[in-house]
Amino acid sequence: MTVDSNIQVRFFLQRSAGSNESGFVLDVDLMLQGRGITAIFGHSGSGKSTFLRCVAGLEWPQEGRLRVLGEDWQTERLFLPAHRRPLGYVFQEANLFPHLTAQGNLDYAIRRADLRAGQPFTLEQVVQLLGIGHRLQQKPHELSGGERQRVAIARALLIQPRLLLMDEPMASLDEQRKAEILPYLERLRDELDLPIFYVSHSVAEVSRLAHYLVVLENGRVKAQGPLAQVLADIQTPLPFGEDLGVVLQAEVIARDAQWHLLQVRFAGGDLWVRDDGDAVGKSVRIQILARDISLALHEHSDSSISNRLQGEVVSIVEDRHPAMCLVQIKVGESILVARITRRSAEQLAVAPGQCLWAQIKSVALVR
């Protein structure tokens, strides 16, 4: 018997005139993977949170179809209410019960857990995964913002969901707390066999966490696909601004202890990055922003730029500002994107099929 491992989502929702979002329409039709993190990305008002509320059963669209891992949650004749949908929901604020300790909040989730599919997440496993064992006897006001959010995630997991929804879970945290919680979200992604819908307007979060990316604009899907594929596509202008760039999978292959650098290898060549302590052999993600790539007709060794890769121009398009353009370059099996001035592109006679050197000024490890 074949098990359906996908999530089918079809929603059409139009808000009635006179509401706070008069005229807003959500119209999406998606077939998503039933594993890993699917990031729902877009600016304020794009429909991200409305999409998530429809999945949760907190909104009732005029037309809807939701099938999760082979189980219908919504059809023309069926609408499972929110309390009957086996999902966990993590909001921007932790929303913990203030009169209960962290342990008490987790016990509440355990009591209302959906155990039809067994108990994949034990208390011990979740507590260890999120690093909250030493804070279980504290009440919410005694926890930091990052700790409260980790308890909220633990509570959502102990409901035993088949799908985890996260609505900008780090929006209320400062940069220090975001840095604290990101490694735990990576552990969720890597260690749990659980599909996660992660709503965000942060390119940095999406680049670090997501497997699959859905970009919403004005309630409709502007782009979707594997993260690397969507980020490298310059034919569909996406709202990434100065954060436009690619994210690639790589492996640490060497360490230069003298200069505190790591050498990483991806499907296009080798690059040097700052050594932050990652072990040789470790799989990492690297991010290369379009603004950090310059192009040259020949290799230049008399430069401070040590990361230089030869590639072939795939396409060139105008950027959002008329002075700039985007150049898509194939390097080995990978695609890079460079942002240069149109004047420079004309001086170099940049055209599809041309061989150029991509000079990469900065490479970031995003784990």
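Here, each number is a calculation from the coordinates, and none is a lab measurement. Here the structure is a predicted model, which means the values were calculated and not measured. A quick note on method: Cβ atoms are made from the backbone with ideal geometry, for glycine too, and the neighbour counts reach across all protein chains shown.
Before moving on, here are some points about what is shown:
- Only Lys, Arg (+1) and Asp, Glu (-1) charged, at Cβ; the chain dipole about Cα centre in debye: 700
- Computed FRET value (nearest 0.05) for D276 with A113, which takes r as the C-beta separation and R₀ as 35 Å: 0.35
- Note on E93 and D256: their simple-model spin labels are 5.0 nm apart, each label 7 Å out from Cα toward Cβ.
- Relative contact order [Cα under 8 Å, 6+ residues apart], the stretch 245-365, whole percent: 30
- Centre-to-centre, using Cα atoms only, the stretch 173-192 and the stretch 26-51 are separated by 20 Å.
- By the Kirkwood approach, averaging reciprocal distances over each pair of separate Cα atoms, the stretch 245-365 gets a hydrodynamic radius of 14.8 Å.
- Helices that extend 30 Å or more along their long axis by alpha-carbon positions and average at least -1.0 on the Kyte-Doolittle scale are absent among the DSSP H runs of the chain.
- With a cut-off of 15 Å between beta carbons, the residues surrounding Y89 carry a summed charge of +2, where Lys and Arg count +1 and Asp and Glu -1.
- Extension gain (nm, one decimal) between Q103 and E175, 0.36 nm per residue minus Cα-Cα: 23.3 nm
- Non-local Lys pairs in the chain, i.e. 8 or more apart or on different chains, that have alpha carbons under 22 Å apart: 4
- Computed packing ranks the peptides 97-104, 289-296 as 289-296, 97-104, most packed first, by mean other Cβ atoms within 10 Å.
- Cβ crowding within 10 Å, taken as a proxy for footprinting-reagent exposure, orders M170, M31, M324 from fewest neighbours to most as M31, M324, M170.
- The ellipsoid equivalent to the alpha-carbon distribution of the chain has semi-axes of 39, 27, 18 angstrom, derived from the gyration tensor eigenvalues as √(5λ) and listed largest first.
- Each residue of the stretch 265-280 was assigned a 3J(HN,Hα) from its phi angle through the Karplus expression (A = 6.51, B = -1.76, C = 1.60, θ = phi - 60°), giving 10, 10, 6, x, x, 10, 9, 9, 9, 5, 7, 10, x, 5, 6, 4 Hz with x at Gly and Pro.
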